[in-house]
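Below: one structure, written as structure tokens.
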Amino acid sequence: FIGLGQMGKRMAANILRKGFPLQVYDIRKEAMDDLVQQGANAADNLSQLGKRCNRIILSLPDESVVERVIFGTEGLKDSLEAGDTIIDCGTTHPGFTEKIAVELNKAGIDFIDAPVSGTESRAKDGTLTIMVGGDEQKCLKTYPLMEAMGQTIVYLGGSGKGQLGKMINNVLYNISCAAMAEILPMAVK
């Protein structure tokens with residue numbers, strides 16, 4: 001599990017609670033401490049984690065960080081083998097996801113987009129909604145891990161479709177907020 005911020009640390013803790021062995025990495029060493037106390041093993045760097053694990057979950061803030069973690073100097077790509085899987089739980093653009101998937105597939109590495117929807121409390125409770133895109137059979141193999149983090153897991157289609165679903169979800173949410181902001185003052189008047 002790479003990326004132990006507000007959401008990631010809670011998602012990773014749920015994976016541990018469900019009995020999965022877990023390697024963790026974050027650029028902030030102190031972010032790993034609590035999970036190590038719960039039974040996770042901390043990796044010293046991305047390459048080490050990539051060599052130890054065949055399924056890697058990312059919970060990272062944006063596309064530039066995802067790209068750096070996978071393809072950067074001492075990133076994951078060179079330490080992974082054909083058949084390994086990266087599950088990206090962050091929110092990025094569908095086109096970016098498709099590009100990354102194509103590049104990794106050349107090396108036989110699967111890239112699944114699985115952005116999450118929910119608050120920190122839902123991450124802590126393991127009740128997130130996860131919108132999944134990628135090869136359906138390969139996605140299904142990762143469902144036990146996703147079920148440790150989320151309550152509702154929805155397969156939406158090929159690569160990038162999970163991110164597209166998240167984008168639609170966010171737009172609908174924002175439209176609802178804007179509508180509420182308009183309608184409440186009108187109702188008061």
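Worth a mention:
- So D113, is it under 19 Å from L145 (Cβ atoms), in contact with a Leu (Cβ under 7 Å, 6 or more places away or on another chain) and among the charged types (D, E, K, R): no
- Some residue of segment 109-124 being charged (D, E, K, R), touching a helix residue (DSSP H, G or I) at 6+ places or on another chain (Cβ under 7 Å) and over 25 Å from G19 (Cβ atoms): yes
- Qualifying helices (runs of 4 or more DSSP H) (wholly inside segment 85-144; at least 3 residues being of a type outside the set (D, E, K, R) and open to solvent by less than 40 Å² (accessible area, probe 1.4 Å)): 94-105
- Total residues in segment 145-164, condition assigned to a helix (DSSP H, G or I), touching a strand residue (DSSP E or B) at 6+ places or on another chain (Cβ under 7 Å) and closer than 20 Å to G8 by Cβ: 6
- Lone unmet requirement of (1) open to solvent by less than 80 Å² (accessible area, probe 1.4 Å); (2) farther than 25 Å from R55 by Cβ for L164: (2)
- Among the candidates R55, R28, residue that is under 20 Å from T97 (Cα atoms) and open to solvent by 70 Å² or more (accessible area, probe 1.4 Å): R55
The values are calculated or read from the model by the stated rules, or taken from the named source; none is laboratory data. Since the model is a prediction, treat every value here as computed from it, not as a measurement. For neighbour counting, all protein chains shown are included, and Cβ atoms are generated from backbone atoms with ideal geometry for every residue, glycine included. Heads up: the accessible areas ignore ligands, DNA and RNA and are worked out on the full protein's heavy atoms, side chains in. Shrake-Rupley method; radii C 1.70, N 1.55, O 1.52, S 1.80 Å.
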